[in-house]
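To start, the structure itself, in structure tokens.
The values are calculated or read from the model by the stated rules, or taken from the named source; none is laboratory data. Here the structure is a predicted model, which is why all the values come from computation and not from measurement. Quick reminder, even Gly has a Cβ in these numbers, built from the backbone with ideal geometry, and neighbours come from all protein chains shown.
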Protein chains: 2
Amino acid sequence: MSTAPRQLSLNAFIYPSGHHEAAWRHPASTPDRLYDVKYYQEIGRTAEAAKLDAVFFADGPALRVNVKHNAASGLEPITLLTAIATATTHLGLIATASTTYYEPYNLARLFSTLDHISGGRAGWNIVTTATDQAAANFGLDRHPDHEERYARAREFVDAVVALWDSWEDDAIVLDPAAGIYADPERIHRIDFEGEHIRVRGPFNAPRTPQGHPVLVQAGASNEGRAFAGRYAEAIFTAHQRLSDGQTFYRDIKRQAAQFGRSPEHVKILPGLSPFIADTEAGAKQLEREFNELTVAEYGLHQLENLVGTSLRHLPLDEPVPLALFEQAGDVTDNSRSRLQVIAGIVQRERPTVRGLLHRLAGARGHRVFAGTPEQVADTIEEWFTQGAADGFNVMPPYYPGGLEVFAEQVVPILQQRGLFRTEYSGTTLRDHFGLPRPGSQFARRPALAG
Amino acid sequence: MSTAPRQLSLNAFIYPSGHHEAAWRHPASTPDRLYDVKYYQEIGRTAEAAKLDAVFFADGPALRVNVKHNAASGLEPITLLTAIATATTHLGLIATASTTYYEPYNLARLFSTLDHISGGRAGWNIVTTATDQAAANFGLDRHPDHEERYARAREFVDAVVALWDSWEDDAIVLDPAAGIYADPERIHRIDFEGEHIRVRGPFNAPRTPQGHPVLVQAGASNEGRAFAGRYAEAIFTAHQRLSDGQTFYRDIKRQAAQFGRSPEHVKILPGLSPFIADTEAGAKQLEREFNELTVAEYGLHQLENLVGTSLRHLPLDEPVPLALFEQAGDVTDNSRSRLQVIAGIVQRERPTVRGLLHRLAGARGHRVFAGTPEQVADTIEEWFTQGAADGFNVMPPYYPGGLEVFAEQVVPILQQRGLFRTEYSGTTLRDHFGLPRPGSQFARRPALAG
């Protein structure tokens with residue numbers, strides 16, 4: 001064993017009342033607190049006390065959840081993470097934001113400010129957002145197609161990173177006696193001219209503590225994997241089986257290498273939603289309790305959103321038709337990845353519609369695991385050591401208790417096994433993930449702006 | 001005297017090292033802390049301890065300040081105010097954001113989240129942004145003209161307010177036993193279809209504690225005043241003389257009445273940048289100290305930005321040519337208002353170029369006043385009681401000390417005179433400004449979305 005054994009990365013994926021869709025109905029959750037900032041700050045403190053790498057928010061600019069039957073929170077995640085930043089000192093802070101429905105200069109500023117305010121703890125989960133509900137909130141009749149979204153996404157990320165690089169690290173001189181605040185030779189226009197994006201710059205803030213926020217992505221299509229291989233420093237993914245996780249892991253590491261990057265600098269973090277109890281039977285009983293609180297109408301609606309066709313005609317206690325997943329239209333990579341996972345479940349297990357809805361109620365296609373703290377630690381260790389994961393995006397079925405039990409009962413086992421830190425070794429998200437701090441692409445180039 | 005005498009509103013307008021352009025060179029400022037969130041949180045706490053109504057940030061999506069000679073901070077203000085929100089309990093939080101360079105759905109979310117997180121303390125200073133530097137950061141060669149910007153701004157504000165109203169106040173049912181989280185009949189699509197803006201909705205978060213954030217504006221052109229009369233609940237303005245303030249005040253209150261609004265629900269808050277010392281001579285000496293730290297090249301550059309033409313040829317010790325302000329092109333209302341103020345100074349006082357630069361160094365055309373705490377309180381009282389102001393946007397020449405001296409020495413005098421609160425009477429910015437909480441425009445309308 002080397003002196004610095006490979007360490008797990010663990011994020012807490014925050015979801016309103018928990019990742020199980022019926023969590024808000026269970027007495028273990030507190031759905032009356034979803035608009036109370038202290039609720040999120042307490043979750044952040046729990047994650048930090050357990051030395052987790054980061055907390056993470058999904059996001060999309062539309063009301064998609066059927067709020068009749070589920071507790072939604074559409075609070076804007078960068079703002080929310082700022083509030084968590086002020087209640088913590090080390091915890092990483094990762095927000096999802098869309099390259100299709102934002103302007104690069106605005107988004108670059110929001111993440112840059114979060115990185116400054118938090119002392120270098122920001123991460124951006126880059127998504128392209130493929131729903132017509134979002135498109136309709138931005139003056140479009142339909143969402144742009146897959147290829148166009150990715151073409152814009154590549155330009156968007158290039159422009160945003162260039163903006164973040166616009167001030168070289170030593171641009172601020174701060175010499176009051178001479179009257180020189182900054183050196184204009186070290187502040188650069190970016191003059192970005194793409195097919196979809198044009199941004200001149202320079203940016204209006206200095207480089208951030210991390211150089212720039214960590215780039216995160218969730219991609220499963222060929223285009224998504226190539227995008228991830230090129231840009232992503234961490235990847236959120238969904239796999240039900242070890243073998244699928246291993247295949248994905250190998251492919252992404254290979255693609256990163258093809259782009260000249262070190263495979264170690266792309267962290268692969270599958271989702272894992274653990275029901276935890278003192279006995280395996282108790283954990284499975286807890287999962288059943290939550291499943292029994294689901295509303296079939298809600299689950300069908302969510303599945304319809306995913307596959308893009310009406311499912312109201314399906315009898316709940318008949319097997320799911322195998323053909324269902326052959327007709328899925330243009331969807332996000334995240335949705336595509338989950339559709340593949342669901343298709344696999346249907347083919348292998350031939351569940352009834354109700355049975356499938358229960359499977360999906362846990363974490364929308366992500367892996368649900370019910371077991372003792374020891375068993376949860378075992379499966380984490382297995383995926384980590386068998387080439388399927390560099391860590392996990394932990395998706396507690398209910399908040400705040402589901403994170404607390406993971407923090408208090410699973411994390412110590414992982415620490416005892418030497419797989420997870422007992423103290424933070426650094427203060428930035430890059431430190432936690434073991435990622436290098438990038439230099440500015442403009443360093444030592446002639447200045448373009450005076 | 002009535003039982004509830006009319007009360008002043010006082011905001012602290014936060015500016016990196018202070019409003020005087022040479023503040024960062026003066027030992028009273030701390031320009032090394034501009035990217036330290038605690039600096040802004042401490043300013044917020046000082047403002048709250050003095051029971052001020054709010055803190056306020058200007059903003060624009062471009063690097064415009066010549067950072068060679070001045071300390072800039074382009075941190076994104078909504079994010080920054082979120083951090084201040086978590087360090088305070090009552091203080092209002094007002095951020096500037098552009099209707100020309102944002103998308104309504106994204107901006108509505110940021111302000112809604114700030115209002116939720118702060119328990120009802122958010123305000124939006126609506127600007128249209130007329131600089132080519134900003135345009136170039138959003139794929140445009142030139143900024144849209146005045147009329148087009150205002151046409152978009154009207155639609156933008158209508159769409160954003162409709163999004164904020166999208167969930168009626170009682171939309172959340174929260175009945176876990178019945179499995180009903182929200183009532184879809186009380187959540188509305190907005191179906192906004194303008195010439196510039198199309199947004200379908202519904203919004204993805206409930207109404208905020210204030211109903212919606214306070215709408216603030218800074219308009220001086222005819223179009224800007226009409227916009228203010230129609231929408232603004234508070235107006236930031238710039239006047240050097242009482243008589244100009246009175247004329248503006250009467251005009252805006254009249255326009256608000258024409259739109260069927262109560263004139264009391266439009267607060268008019270001129271800028272005031274006070275140099276404060278124990279004696280008048282000491283205060284004027286302090287102002288001179290700051291003026292002597294200015295860099296003429298910087299001041300000329302700022303003035304060029306305002307008038308839109310090169311001024312490098314002007315001899316510093318000759319009088320300013322009167323023709324200079326006849327050639328100003330299309331500028332923001334904020335700039336227009338300041339240009340009018342500057343033209344007035346030039347006509348009345350015939351200063352040299354250097355003299356004018358010193359006059360402008362204080363607060364970019366806003367009123368600078370040097371005097372004792374008693375004299376500062378006197379001028380505030382005069383403008384407040386003589387129909388020129390409902391309060392002030394206080395612009396300390398240097399931070400943090402310039403706000404501290406105002407809070408510790410001027411505010412108590414205003415309190416003793418019964419002009420300013422000694423305790424907050426409410427918890428929201430609307431409470432402080434004495435503004436009503438608006439109802440949702442969709443209340444009792446048939447639902448458009450299921």
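Values as computed for the structure displayed
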item	result
Some residue of region A:290-311 being among the acidic types (Asp, Glu), at pLDDT 90 or above, over 18 Å from residue A:344 (Cα atoms) and in contact with a strand residue (DSSP E or B) (Cβ under 6 Å, 6 or more places away or on another chain)	no
Of the criteria (1) at the interface with another protein chain (Cβ under 9 Å from one of its Cβ atoms); (2) farther than 21 Å from residue B:112 by Cα; (3) aliphatic (A, V, I, L, M), which one residue A:54 fails	(1)
Unique residue being within 11 Å of chain A (Cβ to nearest Cβ), under 23 Å from residue B:292 (Cα atoms), in contact with a His (Cβ under 8 Å, 6 or more places away or on another chain) and touching a residue at least 60 places away in the same chain (Cβ under 8 Å) when the list is B:66, B:70	B:66
All positions within region A:372-397 that are surrounded by fewer than 22 Cβ atoms within 10 Å (Cβ to Cβ) and under 17 Å from residue A:279 (Cα atoms)	A:372, A:373, A:374, A:375, A:378, A:379
Single residue of B:27, B:5, B:31, B:16 found to be surrounded by fewer than 24 Cβ atoms within 10 Å (Cβ to Cβ), farther than 30 Å from residue B:382 by Cβ, out of contact with any helix residue (DSSP H, G or I) (no Cβ under 9 Å at 6 or more places or on another chain) and of a type outside the set (Asp, Glu)	B:27
Any hit, region A:134-156, residues being of a type in the set (Lys, Arg), surrounded by 22 or more Cβ atoms within 10 Å (Cβ to Cβ) and either under 22 Å from residue A:77 (Cα atoms) or touching a Ser or Thr at 6+ places or on another chain (Cβ under 7 Å) (or both)	yes
Qualifying position, being part of a loop (DSSP other than H, G, I, E, B), among the acidic types (Asp, Glu), at pLDDT below 95 and out of contact with any Leu (no Cβ under 8 Å at 6 or more places or on another chain), among B:278, B:317	B:317
Residue within region B:134-153 that is within 24 Å of residue B:217 (Cβ to Cβ), touching a helix residue (DSSP H, G or I) at 6+ places or on another chain (Cβ under 8 Å), more than 9 Å from chain A (Cβ to nearest Cβ) and of a type in the set (Ser, Thr, Tyr) present	yes
Residue in region B:230-250 that is farthest from the other protein chains (Cβ to nearest Cβ), counting only those that are touching a helix residue (DSSP H, G or I) at 6+ places or on another chain (Cβ under 7 Å) and modelled with pLDDT of 95 or more	B:242
Hits in region A:154-171 - residues which are within 13 Å of chain B (Cβ to nearest Cβ), of a type in the set (A, V, I, L, M) and within 16 Å of residue A:103 (Cβ to Cβ)	A:159, A:160, A:162, A:163
Cross-chain or 6+ apart pairs with Cβ under 9 Å, region A:21-50 first and touching a residue at least 24 places away in the same chain (Cβ under 8 Å) and more than 8 Å from every other protein chain (Cβ to nearest Cβ), then among the charged types (D, E, K, R) and surrounded by 21 or more Cβ atoms within 10 Å (Cβ to Cβ)	A:21/A:364; A:47/A:53
Filter result for residue A:227 (in a helix (DSSP H, G or I) and within 14 Å of chain B (Cβ to nearest Cβ))	no
Selection within region A:73-116 - within 7 Å of chain B (Cβ to nearest Cβ), of a type in the set (Asp, Glu) and buried (at least 24 other Cβ atoms within 10 Å of the Cβ)	A:76
Residue tally, condition surrounded by fewer than 24 Cβ atoms within 10 Å (Cβ to Cβ) and within 24 Å of residue B:155 (Cα to Cα), over region B:173-199	10
Residue in region A:270-299 that is surrounded by the fewest Cβ atoms within 10 Å (Cβ to Cβ), counting only those that are hydrophobic (A, V, I, L, M, F, W, C) and more than 14 Å from every other protein chain (Cβ to nearest Cβ)	A:281
Any hit, region A:234-243, residues being more than 13 Å from the chain's Cα centre (by Cα), of a type outside the set (A, V, I, L, M) and crowded, with 24+ Cβ neighbours inside 10 Å	yes
Which numbered condition residue A:80 misses (of (1) touching a strand residue (DSSP E or B) at 6+ places or on another chain (Cβ under 7 Å); (2) among the aliphatic types (A, V, I, L, M); (3) under 20 Å from residue A:424 (Cβ atoms))	(3)
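Per-residue answers, yes or no, for (1) within 7 Å of chain A (Cβ to nearest Cβ); (2) part of a loop (DSSP other than H, G, I, E, B); (3) on the phi > 0 side of the Ramachandran plot; (4) within 27 Å of the chain's Cα centre (by Cα):
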residue: B:181; (1), (2), (3), (4): yes, no, no, no
residue: B:185; (1), (2), (3), (4): no, no, no, no
residue: B:196; (1), (2), (3), (4): no, yes, no, yes
residue: B:202; (1), (2), (3), (4): yes, yes, no, no
residue: B:205; (1), (2), (3), (4): yes, yes, no, yes
residue: B:215; (1), (2), (3), (4): no, no, no, yes
residue: B:219; (1), (2), (3), (4): no, yes, no, yes
